[in-house]
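Working notes, structure below.
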Amino acid sequence: MSAFAVFVLLLLVAAAAAGFFFWQLKRQEDIASLKDNTYTLKEAISPAQKELLFYLEQAFQGRAVLFRPTLAQLVQIQQTSDRIRSQTLLDTIHVDYVVCDDDGKVRYAFDVRQRGAAADDPTNKKISSVKQRVLRSVGIKLMGIQRSVSKMPPVAKFARQLGMALGEPALVSRDSTLRPAFREAPAAQQPPMPKLDPYTPPPDAGASEMAMLTDIMGLSPEDAEDPTSKN
């Protein structure tokens, strides 16, 4: 090896060592800077959200109800042309409420209905469309739910009508406490998830695919009225 080649090699090694040194120094500075941070508690769940969570827990007694889980908690990618971008998408998109099956997998998914500017926002529409497409690919229908418990039917009526509409009748115990006993469908192999490009909306992205509970359950307009419609 010539002297020039040795010199170039030593130069590259020195540059790499210097780069690693400065990276470590910057990393330590970033960690040290966190020691000066101060924090205060914020509202993790609003009173209205908590009421709706409790409502669903009563309707689906014995089943875990999750508040705002990410898609990454609900599904996993089987095949994709861009795993990093697709996984980032699953990590950042939430579903408002999810009811889990006995094995911990999602059984029902609910999103609070958006109105006004939020419903018309192109970004929200795109997120909602991708969310619906991902859940539909694993056999889960995303259902729209009112944001106020006061505009929802009684818990027993909600669970009974939803169960009947989906072909999964619920039971009411002797003490009038609702205890849903849904039929367990035989285990079936889930179809592969479609290739997911988070930046390319599906062909029907402009149309809403979300199934409204009023359509599924045949609720009366009084039961379905959105509390914000009078504001």
Simple spin-label estimate for residue 17/residue 121, 7 Å along Cα→Cβ, in nm, reads 5.2 nm
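Stretched out fully, how many nm does the piece from residue 78 to residue 40 gain, at 0.36 nm a residue minus the Cα gap?
Details: separation 38, 0.36 × 38 = 13.68 nm, distance 3.98 nm.
That pair, residue 78 and residue 40, stretches by 9.7 nm at full extension.
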Inter-part gap, Cα centre of segment 90-108 to Cα centre of segment 41-79, in whole angstrom, is 7 Å
About its Cα centre, segment 8-167 carries a charge dipole, from +1 on Lys and Arg Cβ atoms and -1 on Asp and Glu Cβ atoms, whose size in debye to the nearest 20 is 580 debye
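Here, each number is a calculation from the coordinates, and none is a lab measurement. Predicted, not measured: the structure shown is a model, and the values here were computed from it. Virtual Cβ from ideal backbone geometry, glycine too; neighbours counted across all protein chains shown.
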